[in-house]
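This report refers to the structure that appears directly beneath it.
Read-outs throughout are calculated quantities, based only on the coordinates presented, and are distinct from any laboratory measurement. Note that the coordinates shown come from a computational prediction; the quantities given were computed from them, not determined experimentally. Note: ideal-geometry Cβ built from the backbone for every residue, glycine included; neighbour counts use all protein chains shown.
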Amino acid sequence: MNHPYGRLSYNKHGGITATIEVMKVPEPRGLSYKKNFNIFINVRTVYMSKSIGIDLGTTNSVAAIKKVHTEIIKNAEGEELTPSCVTLQFKKGLIKFFSKENFVVGRHALEWLKQDPANTVTAVKRLMGRSVNDPEVQKIIKSRRSANSIVTHSRGTENSLAIVLGEKEFTPEQLSAKILEKIHRDCEAYLGDDVEYAVITVPAYFNDKQKHATRTAAALAGIKVQRLLPEPTAAAISFGVDNVENDDARTVLVFDFGGGTFDISVLTISGGQFIEQGKGGNMWMGGEDIDYKLIDYVLSRTSEEYEIEDIHAFINDQETQVKNRFSAELKRVVEQAKIDLSDREKTTVELLGLLKDSDGDLVDIDVDLTRDKFEEIIAPVVEGAMGLVKKLLEQIHFTTDIIDNVLLVGGSSRIPSVIRAVKDIFGEEKVLLHKRPMLAIAEGAAILSHRLSDALECPGCGVQVSQSEKSCPDCGFDLDSHMISHSVYDIIHSAAHDYHICLDNGEKYLLIEKNTPLPCERTERFRLVHKYQKLVNMKFVNMVNDEEESIGDLWLGIDDSMREKLYEKWYEWESGSGEGAKEEDSGEKPFDPESPLSVDVTLRIDENNLVEVAASIVELPDAEISKTLSRGKADEKLFIALEELINETNAGDYDSYETTEITSRTIMIISDINKVIDDHTGEVIEPVYELAQRNIETARKLVSEGITCQSLIYYCEHVLQRFGVLIPPGERERINKKKKHLEDMMLRGTYQENVDAYEALDKVFDKSPMISVLMTLEKAVDLCREHEPARSAKFVGAIHSLTSISDDEGKDAVAAKFEKAMSCLPEARELIAKYDNIKAKIYKGITK
Ligand code: ADP
Ligand code: MG
């Protein structure tokens with residue numbers, strides 16, 4: 001007996017069991033209590049919302065759900081595939097009055113492409129997590145492939161890009177979110193239920209930025225991500241659950257050749273476990289590239305036929321509307337011809353009545369295409385794909401006979417010459433074309449989503465049971481062994497790329513090798529490059545198809561208080577007293593002040609492919625930082641600005657006062673930037689962002705004007721420490737107050753507040769010539785020690801004679817001492833002029 005809110009069945013006690021589904025009650029499941037009349041009521045909390053799998057494809061997106069069986073969820077148009085196409089429509093004349101954007105996604109958007117290509121976006125996935133300067137993005141911008149205007153996002157970093165639709169900027173994440181929103185909406189309508197969670201698939205070689213961008217898109221669409229699943233792994237799951245028996249173990253190479261991307265992955269499937277052995281592919285290779293090769297061919301044939309010298313210029317000269325329609329239609333008919341040739345030997349590419357020459361005569365596209373010719377045209381693409389397959393096998397040290405099956409998925413895997421090429425490598429019998437090549441990935445995602453849900457439907461009786469149950473409490477069905485043979489028991493992911501850290505000499509150091517099983521962690525010790533180094537900038541990069549891709553930076557600042565502690569410890573050790581001395585027995589120095597400090601860098605990748613980095617200065621336990629890489633764009637933008645400031649300073653003609661200023665301010669700014677992104681929500685904390693941004697500008701401006709607050713503070717501290725007794729207590733207090741104020745302003749003051757605070761403190765010393773003379777002499781001593789030790793005695797004597805003046809000395813004696821000190825001043829000044837403006841550099845690198 002089924003009822004919308006539950007089920008009644010006879011139980012083994014002869015009573016009736018009422019299974020009542022209590023919606024959205026976050027209590028433990030499986031509560032059961034006895035009622036009168038021998039009725040057992042099993043109250044189970046079943047989350048009302050469902051979870052699904054989404055293949056967010058470059059060309060098409062698909063959603064699926066697993067209940068007892070896996071089912072593709074049809075969209076509002078009644079179709080399984082939703083074209084990943086987004087358009088922003090304007091109703092003429094109304095745009096001024098309605099500020100709300102009217103986004104259309106899917107089939108209807110694709111139709112709209114002919115009308116308004118500039119405001120219609122396809123293949124947005126290719127832009128996810130990329131910058132405008134990315135060579136591949138530049139290629140898209142320069143080629144005639146995209147009618148969209150792709151720019152650097154005005155509010156993001158130089159590293160983020162925007163697509164301009166109707167004068168407004170949209171990030172790829174925002175547009176991708178529109179696709180996800182439609183899928184989400186359509187799924188809820190189809191299932192008549194809330195859908196809260198999803199497993200979303202991503203290409204295996206997506207880097208962390210791209211994965212992060214996908215997570216952001218899902219969040220914008222109101223979907224909670226259970227896991228980002230590599231697409232080939234998803235395909236393997238959908239294949240494995242039906243084809244690999246419980247006691248069988250099979251190694252499968254998934255060959256996913258789609259519209260925009262080519263993804264390969266080797267997995268071992270055994271007992272419901274899916275172990276990723278290796279990944280490869282090329283995210284810029286797919287059916288679209290084949291389409292453009294065909295377009296080139298068709299256009300060149302047409303130009304021959306009509307004797308048009310420059311066909312691109314000819315098309316460009318057409319009316320805008322004709323041009324737009326022509327480009328979109330040509331792409332469509334060429335793609336159709338390509339698809340036809342998967343089943344037929346020849347076809348014709350026809351596009352009539354659109355283009356006209358200067359006399360008004362029609363220039364029609366009417367080109368015959370045989371499969372042989374087609375295969376010749378696409379041979380370089382097929383060869384390239386096979387090259388990548390061989391490369392992956394080499395990388396993971398697999399021979400072709402280790403591979404039990406090759407599973408072909410993705411639309412472009414239907415091309416006969418592609419299938420033939422794969423068979424040539426692996427042998428006819430191993431190669432399987434997935435029964436539903438364009439749906440397999442969504443199915444795999446749905447199976448995993450089901451596995452990751454709290455509750456699942458018992459395949460025996462259809463009742464919702466908790467994920468933790470080993471057998472169905474209702475019908476006794478063996479859930480555990482079903483899981484092993486028909487579902488995903490576990491997935492062991494592997495690192496998609498090599499992870500390196502950049503060294504100061506420009507070399508890269510490999511931290512985690514591609515295909516290492518996840519989760520994994522590696523800690524390595526590096527050295528800073530300079531003994532007084534206060535900044536450590538660690539750059540992490542991925543190697544993707546032999547090209548370097550930045551995945552983010554980690555910055556660590558060593559402030560004076562940390563270093564002072566270290567010097568104290570060292571001093572104790574040196575002088576053989578105090579706690580530090582114990583270490584002398586073991587022959588170990590706490591640190592060597594003459595050599596650079598060491599830094600331990602840890603890179604961690606969890607099973608969700610989230611990358612976390614941490615660094616700590618070995619000698620300074622207080623100096624440590626850890627964070628998740630590439631989460632936000634805002635913090636990255638600030639770090640880039642900060643790096644620029646340092647590079648400018650190093651390239652410019654700055655002395656040690658000025659570099660000290662930049663260094664100190666940088667340390668403060670780093671600590672702010674590390675707080676810009678809210679750890680929990682991933683959002684930008686605006687006031688912190690603005691403060692850090694302003695502080696970078698303030699630092700630049702102050703230094704360019706020679707205002708060096710940090711050096712003045714050091715000077716002040718030194719004066720108080722060395723000659724404090726010579727200053728009256730009231731004056732001392734004033735100095736301290738002004739110094740404190742300047743320190744505060746360095747942290748959060750505006751440019752003008754910094755200038756004012758600096759001048760206020762500087763003036764105090766102006767008024768005290770005696771201090772000024774003493775400090776000049778002291779500075780000369782310091783410089784002598786560093787450069788000309790033999791000359792220092794004279795200045796030390798002069799300082800001594802000044803500081804030894806006491807109240808009971810006669811006037812003449814005081815005058816003589818003063819005279820002696822003053823006579824050294826010109827020489828001291830000459831020394832300072834000689835050595836004190838030596839160009840200084842800010843160090844921030846690491847070395848092995
Ligand atoms: P993606 O995962 O990138 O979204 P799909 O796996 O959905 O891509 O495949 C779409 C691509 O497959 C398109 O380029 C389409 O032209 C191509 N395609 C679809 N069917 C066929 C076919 N029968 N023969 C050749 N190419 C096909
Ligand atoms: Mg795909």
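Estimated from helical segments only, the mean residue ellipticity of the chain at 222 nm is -13500 deg cm²/dmol, where each DSSP H run of four or more residues counts as -39500 (n - 2.57).
Averaged over residues, the count of other Cβ atoms within 10 Å places the peptides 250-261, 69-80, 456-467 in the sequence 250-261, 456-467, 69-80, highest first. If R0 is taken as 45 Å, the Cβ-Cβ distance between Glu329 and Asp193 corresponds to a FRET efficiency of 0.65.
Taking 7 Å steps out from each Cα toward its Cβ at Glu644 and Asp762 produces label points 2.7 nm apart. Each residue of region 391-405 was assigned a 3J(HN,Hα) from its phi angle through the Karplus expression (A = 6.51, B = -1.76, C = 1.60, θ = phi - 60°), giving 4, 5, 4, 4, 4, 9, 6, 10, 9, 5, 6, 6, 7, 7, 9 Hz with x at Gly and Pro. Around Val406, which amide H atoms from residues at least 5 apart in sequence, or from another chain, sit under 5 Å from its own amide H, with H modelled in the peptide plane? When sequence neighbours closer than 5 places are left aside, the close amide H contacts are Leu253, Val431, Leu432.
Across region 334-491, C-alpha contacts under 8 Å between residues 6 or more apart give a mean separation that, scaled by the residue count, equals a relative contact order of 13 percent.
Only one residue of His312, Met283, Asn324 has its Cα farthest out toward the positive end of the dipole of region 279-374, where Lys and Arg carry +1 and Asp and Glu -1 on Cβ, and that residue is Met283.
Placing +1 on the Cβ of every Lys and Arg and -1 on the Cβ of every Asp and Glu, with no other charges, gives region 93-252 a dipole of roughly 880 debye about its Cα centre. Fully extending the segment from Ile377 to Tyr714 would add 114.2 nm, taking 0.36 nm per residue of separation and subtracting the current Cα-Cα distance.
Ranking Val363, Val121, Phe795 by Cα position along the charge dipole of the chain, where only Lys, Arg, Asp and Glu carry charges on their C-beta atoms, puts Val121 farthest toward the positive end. Projecting label points 7 angstrom from Cα along Cα→Cβ for Glu350 and Asp560 puts them 8.4 nm apart. Using the Cβ of Pro687 as centre and a radius below 15 Å, the other residues enclosed give a net charge of -3, where K and R count +1 and D and E count -1. Taken about its Cα centre, the chain carries a charge dipole of roughly 1960 debye when the Cβ of each Lys and Arg holds +1 and the Cβ of each Asp and Glu holds -1. Note on region 292-401: with charges restricted to the Cβ of Lys and Arg (+1) and Asp and Glu (-1), its dipole about the Cα centre is near 680 debye.
Taking 0.36 nm per residue of separation and subtracting the Cα-Cα distance, full extension of the segment from Leu452 to Lys675 would add 77.0 nm.
Here the simple spin-label model places points 7 Å from the Cα toward Cβ, and for Asn133 and Asp401 these points are separated by 5.0 nm.
Our estimate of slack between Glu524 and Asp600, defined as 0.36 nm per intervening residue step minus the Cα-Cα distance, is 26.8 nm. If the cut-off is 22 Å between C-alpha atoms, which lysines fall inside it for Lys779, apart from same-chain ones fewer than 8 positions away? Partners within reach: Lys531, Lys739, Lys763, Lys767, Lys794, Lys817, Lys820, Lys834, Lys839, Lys841. Once the C-beta distance of Val151 and Glu77 is scaled by a Förster radius of 51 Å, the resulting FRET efficiency is 0.95 to the nearest 0.05. Absence of a disulfide-compatible partner, taken as no other cysteine beta carbon within less than 4.7 angstrom, is noted in the chain for Cys85, Cys187, Cys502, Cys520, Cys709, Cys716, Cys784, Cys824. Computed FRET efficiency, Cβ-Cβ of Ser143 and Asn243, R0 35 Å: what is it to the nearest 0.05? The value I calculate is 0.30.
For region 439-529, compute Rh as the Kirkwood radius over C-alpha pairs and then the Stokes-Einstein diffusion coefficient at 25 °C and 0.890 mPa s; write the answer in µm²/s, rounded to an integer. In µm²/s, the coefficient is 146. Taking Cα centroids, how far is region 303-358 from region 722-758 in Å? One Cα centre to the other: 75 Å. For region 206-342, the number of Lys pairs with C-alpha atoms closer than 20 Å, counting only pairs eight or more positions apart or on separate chains, is 8.
Between Thr663, Pro826, Val463, the Cα set farthest toward the positive side of the dipole of the chain (charges on each charged residue's Cβ, about the Cα centre) is that of Val463. Taking a point 7 Å from the Cα of Ser772 along the Cα-to-Cβ direction, none of the residues of region 792-810 has its backbone N closer than 12 Å to it. The relative contact order of the chain, computed from alpha carbon pairs under 8 Å that lie at least 6 residues apart in sequence, is 10 percent. In this structure, the amide hydrogen of Ala495, modeled 1.01 Å from its nitrogen in the peptide plane, lies closer than 5 angstrom to those of Asn515, Thr516, Leu518, counting only residues at least 5 positions away or on a different chain. With one equal scatterer per alpha carbon and no solvent term, the Debye-computed log10 I(q)/I(0) for region 162-300 at 0.10, 0.13, 0.14, 0.17 1/Å reads -0.46, -0.75, -0.85, -1.09. So the label point goes 7 Å from the Cα of His108 along Cα→C-beta, right? Which residues of region 163-204 then have their backbone N under 20 Å from it? Only 165-166, 175-192 fall inside the zone, counting backbone N under 20 Å. Using every Cα-Cα pair within the chain, state what percent have a distance larger than 36 Å. Percent of Cα pairs beyond 36 Å in the chain: 60.
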